[in-house]
Amino acid sequence: MRRKGLSKLIVGVVLIAALVAGLVLMGGCRPAAPEEVAPPEEAKVLKMGFASCLTGTGAVWGISLNVGNQIHIDRINAEGGLLVGGTRYKIEPIIEDTRFEVPLSLTVGEKLIYQDKVKFIQTPGMPIGGAMQDIAHENKVIILEWGVPMCLGPEYPYYFSGMPSGAGLASGFFKVIKEREPEIKRIARIGMNVSWEPTFAGGERKALEQLAPWGEWVGVVLYEPGTTDFTPIVTGVLAKNPDAITTSAVGADQGPIIRTLREQGFTGKIIMVESGYGLPELFEMMKGHEEYLEGCYLLLHTWYPPTPEWLEFKEEFLARGVEWHDSNYYYQWGTPILAEALKIAGTVDDADRIAEAIEELKIPNVGFPDVYPMHYCGLETFGIAHHWAYPKAITQIQNGEPVSIGMAYGELP
């Protein structure tokens, strides 16, 4: 019995010792503190210049450029920035007002390039980009200009033109009209006497030559900017005995031109190769005389009826408290182009690699039912593929409503 009790005592002592040892060990082996994780690297700043127009003649285009691109910039920054070559960047827009004036455009370009150190500049159109083109080239600054191509050529490898080609657009536009209006034999043009007029007129004439003998080009009648009485202009163009009359890039003069044509008895087709700010503005100009628009053909930035994606963009644009014009949809594409090109190039500093990436881009335009891959073209025409191929809707006014019947693509060889 004593031996049995002694055994129990020994076992008890061993258990107590083990328990004490375990407690000691536990006290000496506290859970390790969680490993410190370095905070994510703060995004760098990528400056993007906008040599825009906040006032003056081009304000409507400048504001479209600013707001449309700001929508994309806000989306990119909200997602943490743009990832380029393993580094993340948040885009900082720097917006300057050129008032659409050449001397001020050069001053703005110098500020953006030398003071702000931007590597990319967007402009709503000529003459802004042309004014700063030389200093941009010297400093390898890429310019995306959303206007008539005036500086395209291999001597300017960092300049890209956004305005779709008058020749490319007119070709597709006139082909559709020819199918629908085979009786048209003679076509005349009314144009504003400004720098871009020869580009538009030349594009139309070239397109019509390819469709001969349909739509013989019988010439253009020019008017001076600021004209308010279009009676002499219309009298001159009607003397050419046209079956159809074209206009383009005449802005707010479109309404008075159409009214004068109809009031002087012209019943033929009016063809607007570039219809200005958009269809709502045109209907507003013709208020009280909407019937004058019946049967007119237009090239528009908007497909009618609009796509859901187009309507979504318009809603977001209007939410920023800015007036809507259909051309607003056109001026938004600079930031998506640069964002994609930078990711492909893997650099924000090498202008040559970025320019090459821009040349290879294909970006879908979901504002049209035929999701056309927008891209840069014109290698054969200009010696460099820096001309934007952008779709437009071929639209006719039918029973007082716009109906899109086809697409033109602004494509150049």
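The values are calculated or read from the model by the stated rules, or taken from the named source; none is laboratory data. Values in this document were obtained by computation on a predicted structure and should not be read as measured data. Positions of Cβ are backbone-derived with ideal geometry, glycine not excepted, and every protein chain shown enters the neighbour counts.
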Quiz item: Within region 95-113, can one find any residue that is touching a strand residue (DSSP E or B) at 6+ places or on another chain (Cβ under 9 Å), modelled with pLDDT of 95 or more and more than 22 Å from Gly62 (Cβ to Cβ)?
Solution: no
Exercise. Please verify whether region 318-329 includes one or more residues that are free of Cβ contacts under 8 Å to residues at least 40 places away in the same chain and β-branched (Val, Ile, Thr).
Key: no
Self-check item: Filter result (out of contact with any helix residue (DSSP H, G or I) (no Cβ under 8 Å at 6 or more places or on another chain) and of a type in the set (D, E, K, R)) within region 118-154
Solution: Asp134, Glu138
Quiz item: Asn139 versus (1) on the phi < 0 side of the Ramachandran plot; (2) in contact with a Lys or Arg (Cβ under 8 Å, 6 or more places away or on another chain): which is the lone unmet condition?
Solution: (2)
Exercise. Can you confirm whether region 146-157 contains a residue that is modelled with pLDDT under 95 and in a helix (DSSP H, G or I)?
Key: no
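Would region 165-185 turn up any residue that is among the polar types (S, T, N, Q) and more than 25 Å from Thr235 (Cα to Cα)? It would help to see each step written out before you state the result.
Let us first name the residues in region 165-185 that are among the polar types (S, T, N, Q), namely 165, 171.
If we keep only those that are more than 25 Å from Thr235 (Cα to Cα) as well, we get 165, 171.
Yes, some residue in region 165-185 is among the polar types (S, T, N, Q) and more than 25 Å from Thr235 (Cα to Cα).
Among what's in region 193-250 and is of a type in the set (Lys, Arg) and assigned to a helix (DSSP H, G or I), pick the residue that is surrounded by the fewest Cβ atoms within 10 Å (Cβ to Cβ). Write out each step before concluding.
Our first condition is that a residue be of a type in the set (Lys, Arg); within region 193-250, this holds for 205-206, 240.
Retained after the next criterion (residues that are assigned to a helix (DSSP H, G or I)): 205-206.
Numbers: Arg205: 17, Lys206: 15.
Restricting to residues being of a type in the set (Lys, Arg) and assigned to a helix (DSSP H, G or I), the top hit is Lys206.
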Self-check item: First in region 230-255 and in the same structural domain as Gly191 (by TED's automatic domain parsing), second anywhere and at pLDDT 95 or above and of a type in the set (D, E, K, R), Cβ under 6 Å, 6 or more apart
Solution: Pro242/Arg186; Asp243/Lys185; Asp243/Arg186; Ala244/Lys269; Thr246/Arg189
Quiz prompt | Boolean, Asn193 is in contact with a strand residue (DSSP E or B) (Cβ under 8 Å, 6 or more places away or on another chain), of a type in the set (S, T, N, Q), at pLDDT below 95 and outside the structural domain of Val348 (by TED's automatic domain parsing) | solution = yes
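Any idea which residue in region 264-314 is farthest from Ile394 (Cα to Cα), counting only those that are of a type in the set (D, E, K, R) and outside the structural domain of Asp253 (by TED's automatic domain parsing)? Write out each step before concluding.
At the first step, the residues of region 264-314 found to be of a type in the set (D, E, K, R) are 269, 274, 281, 284, 287, 290-291, 294, 309, 312, 314.
With the extra rule that they be outside the structural domain of Asp253 (by TED's automatic domain parsing), the set shrinks to 309, 312, 314.
On the way: Glu309: 19, Glu312: 22, Lys314: 20 Å.
Restricting to residues being of a type in the set (D, E, K, R) and outside the structural domain of Asp253 (by TED's automatic domain parsing), the top hit is Glu312.
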Exercise. Check off (1) without any contact (Cβ under 8 Å) to a residue 60 or more places away in the chain; (2) closer than 30 Å to Pro127 by Cα for Ala170 and give me the number that stays unchecked.
Key: (1)
Practice problem: Among the numbered conditions (1) under 20 Å from Ser64 (Cα atoms); (2) of a type outside the set (D, E, K, R); (3) surrounded by fewer than 22 Cβ atoms within 10 Å (Cβ to Cβ), tell me where Leu282 comes up short. | Solution: (3)
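Keeping to region 366-381, report how many residues are surrounded by fewer than 19 Cβ atoms within 10 Å (Cβ to Cβ) and either touching a residue at least 12 places away in the same chain (Cβ under 8 Å) or closer than 17 Å to Pro306 by Cα (or both).
Just the residues of region 366-381 that are surrounded by fewer than 19 Cβ atoms within 10 Å (Cβ to Cβ), to begin with: 366, 369-371, 373, 375, 379-381.
When the remaining residues are screened for being either touching a residue at least 12 places away in the same chain (Cβ under 8 Å) or closer than 17 Å to Pro306 by Cα (or both), the result is 366, 369-371, 375, 379-381.
Looking only at that region, the number is 8.
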Quiz item: Does region 119-136 contain at least one residue that is over 26 Å from Glu274 (Cα atoms), out of contact with any strand residue (DSSP E or B) (no Cβ under 8 Å at 6 or more places or on another chain) and of a type outside the set (S, T, N, Q)?
Solution: yes
Quiz prompt | Checking Ile257 against (1) modelled with pLDDT of 95 or more; (2) exposed (fewer than 13 other Cβ atoms within 10 Å of the Cβ), the condition it does not meet | solution = (2)
Quiz prompt | Evaluation of Ile143 against (1) free of Cβ contacts under 8 Å to residues at least 40 places away in the same chain; (2) of a type in the set (A, V, I, L, M, F, W, C); (3) in the same structural domain as Val67 (by TED's automatic domain parsing); (4) surrounded by fewer than 24 Cβ atoms within 10 Å (Cβ to Cβ) (one fails), failing number | solution = (4)
Quiz item: In the set Val366, Val322, which member is under 30 Å from Glu284 (Cα atoms) and in the same structural domain as Trp146 (by TED's automatic domain parsing)?
Solution: Val366
Quiz item: Which ones in region 277-304 are assigned to a loop (DSSP other than H, G, I, E, B) and touching a residue at least 40 places away in the same chain (Cβ under 8 Å)?
Solution: Tyr277, Gly278, Glu294, Gly295, Cys296, His301, Thr302, Trp303, Tyr304
Quiz prompt | Yes/no for Glu315 being outside any loop (DSSP other than H, G, I, E, B), loosely packed, with under 13 Cβ neighbours inside 10 Å and under 18 Å from the mean Cα position of the chain (by Cα) | solution = yes
